[in-house]
Amino acid sequence: MTSNFMPAGGSVARLIDAFSRLPGIGPKTAQRLTYHLIRASSEESELLAKSLLEMRDRLQFCSLCHNISESTICPICANTNRDQGLLCVVEEPLDLFVIERASVYQGLYHVLHGVISPMNGVGPEDLKIQELIDRVKDGKISEVLVATNLSLEGDATAMYLHDAIDPLGVRTTRLAGGLPSGGDLEYADEVTLSRALEGRREL
Amino acid sequence: MPGSLPKSTLYQAEVVVLRYMSLGEADRLLVLYSKDFGKIRASARGTRKTTSRIAGHLEPLTHSSLLLARGSSLDIVSQAQTLKSFNQIRDDLGRIANGLYIAEIVDLFTEDEEPNAILFQLLLDTLDMLSRVDVELLHLIIHRFEIQMLGLMGYRPQLDTCAVNGESLPQNVPLSFSVVWGGVLCESCASRDGTARKISSRGVMILKILQRGKMEVVEEIDMTKEARTALSGLLRWYIQTILEREVQSGAFLDSLQ
Ligand SMILES: [Zn+2]
Ligand SMILES: [Zn+2]
């Protein structure tokens, strides 16, 4: 549809198309971004292109917590000042980022890369759950704080983790207090999130 | 006014939330099964934000009363109120898995805006039973739902007589179940469908009890683990053959058995 308005066709239309594939960006915003880059200096486009390629190039995951990292062990896992006995389980790297920003949590993390979502065919084997269980079996962890979204699927995942971890003699807890059900963690403000982390309950 | 959606800008709908997907910046696209309008899709703005006042009323398997606004492409939820949250389902992994399974089947079997008030009631009753019954009975509630839903969708399996020649079905002989013929086949007709599956006469009897659906009788069904697996496999196969696709949530449900 947008190509009708494209005098230059080809490369410009392709860029608009590429932008509109990004989450939260509709065709109008994609056009606006593209026209911005047409008007801006060529350095601006080069910086954007270079950052994208560099990100893909260097992107890897921490071998312990599976967060996005530029090294085999991420800075959080490598930081011995953090509480090595407390492990916070999140759905996505973005959730970890949001919790870090609230700067009340001092333990370690584990990123599942999703949530058990039966209707979408996502089961425990599609997530970093076995890796989590292996970490817990290693013995240093005394509490697993499940910070998946407070949705039906987030709750189901929390219960599944509880059932898997409980026999290993390790406590599992869940975010609580102040966080309403239904919302995504990534949108929580820092005050609410801090309260939810502190007021966690037993699973 | 059951039937097509009202033309007015605002309308009320009693729904069960089947599922949702993320939409745009912080919205969700909801798939709802409503009493008066059948399956509807609607967007719920800002429901991924933790400040949303309606998100809690729009989680899957919630029975809610909604006020919707007609939109150019998608209708928009403007108000939501929980009628029943089925908390006992939410607190138990096995019950959630069963609940999501029936929600997916309803989604897969229905077309948008084709109302079926009996199906809506069956869905509600089944969610209510899933929240109340003993864990041991969950599988029977699901199979009761499956076979009754099939009936409502026009796939009521013939269980009283042979689906090919109409002969009465003898006891204690091997029978088969055919999707093509839509029911049970006697021994001499079994060869009429090479894809038919074996079923015992006791298996047929259990299917009949589930089809009639009287809970006092359903509750009395006693099955071995093997018989359970066979029944669940047969119904899943029947459903998936009709749908020509997999019921995704079946895998997780089976993994919990
Ligand atoms: Zn790490
Ligand atoms: Zn026959």
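The values are calculated or read from the model by the stated rules, or taken from the named source; none is laboratory data. This structure is a prediction, so every number in the text was calculated from the model and none was measured. Cβ atoms come from the backbone with ideal geometry, glycine included; neighbour counts cover every protein chain shown. We work out accessible area using only protein heavy atoms, side chains counted, and drop any ligands, DNA or RNA first. Shrake-Rupley method; radii C 1.70, N 1.55, O 1.52, S 1.80 Å.
Here is how the numbers come out for the structure above:
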quantity: Kirkwood estimate for region A:1-98, i.e. one over the average of 1/r between Cα atoms, Å; calculated: 16.6 Å
quantity: Fraction of antiparallel bridges per DSSP, chain A only, in percent to nearest 5; calculated: 30 percent
quantity: Chain B - Cys residues lacking any other Cys C-beta under 4.7 Å; calculated: B:Cys189
quantity: At least 40 Å² of accessible area lost relative to the chain alone, listed for region B:35-63 with a 1.4 Å probe; calculated: B:Arg48, B:Thr50, B:Glu59
quantity: Percent carbon-and-sulfur accessible area, region B:91-255, ignoring ligands, DNA and RNA, probe 1.4 Å; calculated: 47 percent
quantity: Carbon + sulfur, % of accessible area of region A:10-58 - ligands and nucleic acids excluded, 1.4 Å; calculated: 59 percent
quantity: Net lengthening on full extension, A:Met55/A:Lys137 (0.36 nm per residue, minus Cα-Cα); calculated: 26.2 nm
quantity: Residue mean of other protein chain beta carbons inside 10 Å, A:109-119; calculated: 4
quantity: Gyration tensor (alpha-carbon) shape descriptor, region B:1-160, a/c threshold 1.5; calculated: oblate
quantity: Centre separation in Å (Cα based) which lies between region A:149-203 and region B:37-51; calculated: 23 Å
quantity: Interface burial for A against B (accessible surface, 1.4 Å probe, total of both chains, Å², rounded to 100); calculated: 2200 Å²
quantity: Cα extents of region A:10-58 along the three principal axes, largest first (Å); calculated: 30, 25, 20
quantity: Beta bridges by DSSP in the protein assembly as shown, antiparallel share as percent, to the nearest 5; calculated: 70 percent
quantity: FRET efficiency for B:Leu152 and B:Leu243, using Cβ-Cβ distance with R0 set to 22 Å, rounded to 0.05; calculated: 0.90
quantity: Using alpha-carbon coordinates, inclination of helix A:93-102 to the longest axis of chain A, degrees; calculated: 70 degrees
quantity: Inter-label distance, nm, simple model (7 Å from Cα along the C-beta direction), B:Asp125/B:Lys225; calculated: 3.3 nm
quantity: Approximate spin-label separation B:Leu83-A:Ile25, in nm, with each point projected 7 Å along Cα-to-Cβ; calculated: 4.3 nm
quantity: Ordering of B:161-171, A:47-57 by burial proxy (mean other Cβ atoms within 10 Å per residue, highest first); calculated: B:161-171, A:47-57
quantity: Other protein chain Cβ atoms within 10 Å, averaged over every residue that makes up B:250-256; calculated: 4
quantity: Axial C-alpha extent at least 18 Å, average Kyte-Doolittle at least -0.5 - helices from chain B (DSSP); calculated: B:93-109, B:117-132, B:138-152, B:225-243
